[in-house]
Amino acid sequence: MQHAERLAVTEPRGGLGVALAATLRRDLMLLMRRRSEVMNPLVFFALVITLFPLGISPDAELLAIVAPGLLWVAALLATLLSLDSLFRADFEDGCLEQMLLAPQPLALMVMAKVAVHWLLTGLPLALMAPLLGITLSLPAGSYGILSLSLALGTASLSLIGAIGAALTVGLARGGVLLSLLVLPLYVPVLIFGTGAVQAALLGDALAAHLAILGALLAGALMLAPWAIAASLRISING
Amino acid sequence: MWAFINKLRSPRWFYAISARLQPYFWVAATALILVGTVWGLAFAPADYQQGNSFRIIYVHVPAAFLAQSIFVSMAVAAVVFMVWKIKIADMAAAVMAPLGAAMTFIALFSGAVWGVPTWGTWWMWDARLTSMLILLFLYFGVIALRGAFASRDSGSRAASVLAMVGVINIPIIKYSVEWWHTLHQPATFTVTGRVAMPLEMWAPLLLMVLGFYSFFIALTLMRTRNEILRRESRKRWVRDLAGGEH
Amino acid sequence: MAFVSLQDFFAMGGHAPYVWSAWAMTALLLLGSVVHARVERRQLIRDLQRRERRERRVGSEPARNLADDT
């Protein structure tokens, strides 16, 4: 009895760190093996940005005005595109069920998955955005902020989007539904993300925008994992 | 207290008690909306700035209030359903969503129509209208998600989670849209400004708001009863009941 | 009374199309949802009665007892 108690007290503590690290490593490795899945959102991002000058006008002055919004919306859509596969493969091969049965709290385990998603989607998008900004003749002086706001913002997008992905993972055609669920929730991040870039262009104070983006991320970090875990339980048991 | 909660769990008890409550709310809704309409349309004085077009306020504001309140009620029902597993709460949440979407649509439609005489255009990216539009999409999401699951129970729980996530986001969306609006269009003329309204103007508005709320309660009671008949159709008491109804 | 004549009332000071269309849409949706709820109720009760009659005709007492347990 005493032995069992000691086990119960000590094991999960060590186990959690190990499990988190293992999930992180596993997901990273899996995604690195399927490189096209990592590349697709980036190619999509570049493609959509290419379409805008064709659709609007190649006029540099006009493009410069709309560039922050275009870059943000395109990055947001690219993140959305990648969400469907966030839990799909693990759902289909039964790994998610194993995660559910594991002694570690599911809410923390999904954080590892979301972190990998951001590392391989949000972060590359943020790093790539300045390159596309050049093609849209985004004025100098806002490139750093563009990357920073996207890096901060896409972390929130990954977290919020993961709720939608978890809710629709059990559905055969969840893709369109996923965008319907997630896009309205993306509005605040989009507003403050583009706001930051525009403030940089106008030479306004930036700190407030970035602080709010950070606050949104902190809120999402606190609340989203529980919602993701609850949603995954529904999708798997349902 | 426990006994009361246990009673609440029972669809049969709810079915009986709602039958008694329902008529009061229907009478209140009809009376309030009729008096409010006649008063607002015919007797309230015209606005000195907007003329008679301001009378749209008597449907726009109640619908907008209700659009937000219904989402909050839906989320509260979702919490009750998820925490205490009270099925009635989920049935109520299920029937609230379409009404909420309808109210959001009324608010959007009347706002757009109001825009023509005041702004000279059908649509403006006004903070209020924009957040209403996003609210409409949130309602669509909840309704679509509930319908997407093959099993009713999964659909109920998924829609509950989404309603809770949505209700946390609504204030954030609202404030961010307001902030965005002040950034892009400083100091435009807002339709429902906080000017002191004379009594003859706001009294009918109050009646309309109360009437709309009564309507919401009455319709929710009525449709929750339908939902009970649908979901509990295998139960003995429902079958006995159907035998008696004509 | 804010209007001098009935015609004046319907004209709404030149804002008639806006005021009346907003009101019409509201009335349509409110009344529509009431009618929908009533039709829904009648249909549900009819379905219940139909099933009851069918099961009585078949006389499947065991099945009914089974259903009661759920």
Yes or no: B:Ile86 open to solvent by 10 Å² or more (accessible area, probe 1.4 Å) and touching a Gly at 6+ places or on another chain (Cβ under 7 Å)? no
Applying the selection to the stretch B:44-83, what residues are in contact with an Asp or Glu (Cβ under 9 Å, 6 or more places away or on another chain), of a type in the set (A, V, I, L, M, F, W, C) and within 15 Å of C:Trp23 (Cβ to Cβ)? B:Ala44, B:Phe54, B:Ile57
List the number of the failed condition for A:Ser137; all other conditions in (1) crowded, with 18+ Cβ neighbours inside 10 Å; (2) at positive phi hold. (1)
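For the stretch B:148-160, state whether one or more residues are polar (S, T, N, Q), modelled with pLDDT under 85 and either outside any helix (DSSP H, G or I) or under 16 Å from B:Met74 (Cβ atoms) (or both).
No - not one qualifying residue is present in the stretch B:148-160.
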Select the helices (runs of 4 or more DSSP H) contained entirely in the stretch A:52-106, then report the ones holding at least 1 residues which are among the basic types (Lys, Arg). A:85-92
Is it the case that B:Ala64 is at pLDDT below 95 and under 11 Å from the mean Cα position of the chain (by Cα)? yes
Please find, among A:Leu180, A:Leu148, A:Leu171, the residue that is farther than 19 Å from B:Ser176 by Cα, open to solvent by 10 Å² or more (accessible area, probe 1.4 Å), part of a helix (DSSP H, G or I) and facing chain B (nearest Cβ under 8 Å). A:Leu180
Checking B:Phe137 against (1) open to solvent by less than 50 Å² (accessible area, probe 1.4 Å); (2) touching a Leu at 6+ places or on another chain (Cβ under 9 Å); (3) at the interface with another protein chain (Cβ under 7 Å from one of its Cβ atoms), the condition it does not meet: (1)
Look through the stretch C:1-50, keep the residues that are within 30 Å of B:Leu241 (Cα to Cα) and acidic (Asp, Glu), and return whichever of them is modelled with the lowest pLDDT. C:Asp47
I'd like to verify a number: residues in the stretch B:94-127 that are surrounded by 20 or more Cβ atoms within 10 Å (Cβ to Cβ) and touching a Lys or Arg at 6+ places or on another chain (Cβ under 9 Å), how many? 8
If we ask which residues in the stretch B:54-77 are under 18 Å from C:Pro17 (Cβ atoms) and out of contact with any strand residue (DSSP E or B) (no Cβ under 8 Å at 6 or more places or on another chain), their number turns out to be 6
With the condition kept exactly as written, say whether any residue in the stretch B:64-81 is closer than 25 Å to A:Leu180 by Cβ and in a loop (DSSP other than H, G, I, E, B). no
Is it the case that the stretch A:204-220 has a residue that's open to solvent by 20 Å² or more (accessible area, probe 1.4 Å), within 7 Å of chain B (Cβ to nearest Cβ) and either of a type in the set (S, T, N, Q) or within 15 Å of the chain's Cα centre (by Cα) (or both)? no
When you scan the stretch B:182-198, do you find a residue that is facing another protein chain (nearest Cβ under 10 Å), assigned to a helix (DSSP H, G or I) and at pLDDT below 80, even just one? yes
Please verify whether the stretch C:7-24 includes one or more residues that are more than 8 Å from every other protein chain (Cβ to nearest Cβ), open to solvent by less than 40 Å² (accessible area, probe 1.4 Å) and free of Cβ contacts under 8 Å to residues at least 24 places away in the same chain. yes
Those residues of the stretch B:17-62 which are among the β-branched types (Val, Ile, Thr) and more than 9 Å from chain C (Cβ to nearest Cβ) amount to B:Ile17, B:Val27, B:Thr30, B:Val35, B:Val38, B:Ile57, B:Val61
Sort out which residues of the stretch B:204-218 are open to solvent by less than 10 Å² (accessible area, probe 1.4 Å) and either in contact with a Leu (Cβ under 8 Å, 6 or more places away or on another chain) or more than 12 Å from chain C (Cβ to nearest Cβ) (or both), and write them in order of number. B:Met208, B:Gly211, B:Phe212
Which listed residue is closer than 26 Å to A:Ala107 by Cβ, buried (at least 19 other Cβ atoms within 10 Å of the Cβ) and at pLDDT below 95, from A:Ala230, A:Ala196, A:Ala155, A:Ala162: A:Ala230
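Can you tell me which residue is nearest to the other protein chains (Cβ to nearest Cβ) among those in the stretch B:147-160 that are open to solvent by 10 Å² or more (accessible area, probe 1.4 Å) and in contact (Cβ under 8 Å) with a residue 40 or more places away in the chain?
Of all residues in the stretch B:147-160, those open to solvent by 10 Å² or more (accessible area, probe 1.4 Å) come to B:147-153, B:157.
So of that shortlist, the ones also in contact (Cβ under 8 Å) with a residue 40 or more places away in the chain come out as B:152, B:157.
Values: B:Arg152: 10, B:Arg157: 5 Å.
My answer is B:Arg157.
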(1) surrounded by 14 or more Cβ atoms within 10 Å (Cβ to Cβ); (2) in contact with a Pro (Cβ under 8 Å, 6 or more places away or on another chain); (3) of a type outside the set (Asp, Glu): which one isn't true of B:Ala64, the others all being true? (2)
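The values are calculated or read from the model by the stated rules, or taken from the named source; none is laboratory data. Bear in mind that the values here come from a model prediction, so they are computed numbers and not experimental data. Cβ sites come from the backbone with ideal geometry, for glycine too, and all protein chains shown count toward neighbours. When the accessible area is computed, the model is the full protein with side chains, heavy atoms only, and any ligands, DNA or RNA have been set aside. Shrake-Rupley method; radii C 1.70, N 1.55, O 1.52, S 1.80 Å.
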